[in-house]
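In what follows, a single structure is set out as structure tokens and then discussed.
The values are calculated or read from the model by the stated rules, or taken from the named source; none is laboratory data. Everything quoted here is computed from the prediction, not taken from an experiment. Methodologically, a virtual Cβ is constructed for each residue, glycine included, from the backbone with ideal geometry; neighbour enumeration extends over all protein chains shown. Surface areas here come from the heavy atoms of the whole protein model, side chains and all, with no ligands, DNA or RNA. Shrake-Rupley method; radii C 1.70, N 1.55, O 1.52, S 1.80 Å.
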Amino acid sequence: MTGGSTLNQPHRAIGLSGAVLINLNGVVGSGIFALPALLYAGAGGYAPLVVLAYALLVAGPSLVYARLSTMHEESGGPQLYVEHAFGPFAGFQAGWFLLGQNLAARAANFHVLVSYLAALFPLFDNPAIRLATIAALIALFTGLAAVGTRSSIRALGLGTLLKLGPIVLICGAGLLTNGVPSTFALPEFGEVESIALLLAYAYSGGALSAMVAGEVRDARRTVYRSIFVNLAAIALLYAFVQWAYIAIDPQQVNADRPLASAGEAVFGPLGVALISVAAIFSTGTNQLSYFVSMPRLIYGMASRGLLPALLARISPRFDTPAPAIIAYGVIVLALALSGTFATLATYMVALETLVILLTVLALPMLWHMGEGRPQGAMLIVWAALVVFALVFNLWLLAQVPLSSALPTLGVLAAGTALYALASRRR
């Protein structure tokens, strides 16, 4: 499939629009279809304002990520930043955490994607057909990612239009018909923790373009800009959808598919079909975005000697890290077909937040090493942003159930053993 391989660097084929598409589709997946009802239940009529306010909170850690992205041009994102600041062992653990959490999520989301297909075509509820469809979809996404970066970005662009088009149409029609809500129910402030975790999940993935920085044109500038363009777009999209959902106020709400209920209230059965199609493309483009970006993490780690050198090879025919992409697809397939992803996802609930904390700490560490240290008043501003990002993510980590602590330590121990084994072989 790779047509031979080489250790050369891939070309920088991704511009600003491609980087934003990767970020946007890394954030907007299946969650947006359940988010409106969950936020309305916790925050009442103030939910749209809560969405916008949370974007300001997310801006703190996003600024730190963006600042780090201006100091690197290679692929790897947070894993690279941690490795650069704290050394290979910490970098390996960061990559191990990110890959484990992401692989489990991708396997789970293929089951979600087939469930959306089954809502339109009950044939996919058949267990054998379901598994065969999951295998076929994983092969499709692996192939798309492997045969060319530009073709993957074009597929993301088309999928984004097909997923956001029906949502914007239904929400726009709902607001035109019912008007912008003018009365507000008070939020239940006892739900603050659950709302924060929900929005942390809803906004996660917004710096995914850093993973593919080695293939981004003018990476130091483009990745930085893509993070903030995406954050503004996501905040406005979520607030728009939330306002429309409150305005439509569907009487019969399916708790699992509130946007489908809103679509039915606006367009009847056609609205349900439109949202179902949007859900399929939304989940699909979310998956494809990670199939494009996460193998670049594998490639980056391999190119720096943290994983086998085979995974650092580039296909001369397709100009992609095809071995890393294929390895990623094979692991997702094994997890999806075995069902072990559910257990793995439960075990790794705290890992992403731990990597974020390490990434935030990487910035002052690099300053200490004499890299990119701001001067004068800007040092005070950036130091305050780092402290805010640390406190915010420590608070989020505190909301994770204690039952996840022991499994998280187990993942850490397994990563340590793998690193030690790889070090001996090196």
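Name, by its number, the condition in (1) free of Cβ contacts under 8 Å to residues at least 12 places away in the same chain; (2) over 23 Å from residue 29 (Cβ atoms); (3) not β-branched (Val, Ile, Thr) that does not hold for residue 313.
The single condition residue 313 does not satisfy is (1).
Among the candidates 331, 325, single out the residue that is closer than 18 Å to residue 287 by Cβ and at pLDDT 95 or above.
Answer to the selection: 325.
Would you mind listing the helices (runs of 4 or more DSSP H) fully within region 8-86 where at least 1 residues are within 30 Å of residue 250 (Cβ to Cβ)?
Values: elements: 16-27, 35-43, 47-69, 78-86.
Of the helices (runs of 4 or more DSSP H) lying wholly inside region 8-86, those with at least 1 residues that are within 30 Å of residue 250 (Cβ to Cβ) span 16-27, 35-43, 47-69.
Tell me which residues, restricted to region 375-408, are hydrophobic (A, V, I, L, M, F, W, C), open to solvent by 80 Å² or more (accessible area, probe 1.4 Å) and modelled with pLDDT of 70 or more.
378, 380, 387, 391, 394, 395
Counting only residues that are open to solvent by less than 20 Å² (accessible area, probe 1.4 Å), closer than 23 Å to residue 24 by Cβ and of a type outside the set (Gly, Ala, Ser), how many does region 246-302 have?
16
Out of the residues in region 219-245 that are within 18 Å of the chain's Cα centre (by Cα) and closer than 22 Å to residue 74 by Cα, state the one that is most open to solvent (accessible area, probe 1.4 Å).
Filtering first and then ranking leaves 225.
Scan 157, 172, 165, 95 and give me the residue that is surrounded by 17 or more Cβ atoms within 10 Å (Cβ to Cβ), part of a helix (DSSP H, G or I) and of a type outside the set (Asp, Glu). Please lay out each step first, then the result.
Working: 157 fails: surrounded by 17 or more Cβ atoms within 10 Å (Cβ to Cβ); 172 fails: surrounded by 17 or more Cβ atoms within 10 Å (Cβ to Cβ); 165 fails: surrounded by 17 or more Cβ atoms within 10 Å (Cβ to Cβ).
On inspection, the qualifying residue turns out to be 95.
Please verify whether residue 87 is closer than 25 Å to residue 388 by Cα and in contact with a helix residue (DSSP H, G or I) (Cβ under 7 Å, 6 or more places away or on another chain), treating the condition exactly as stated.
For residue 87, the condition - closer than 25 Å to residue 388 by Cα and in contact with a helix residue (DSSP H, G or I) (Cβ under 7 Å, 6 or more places away or on another chain) - is not met.
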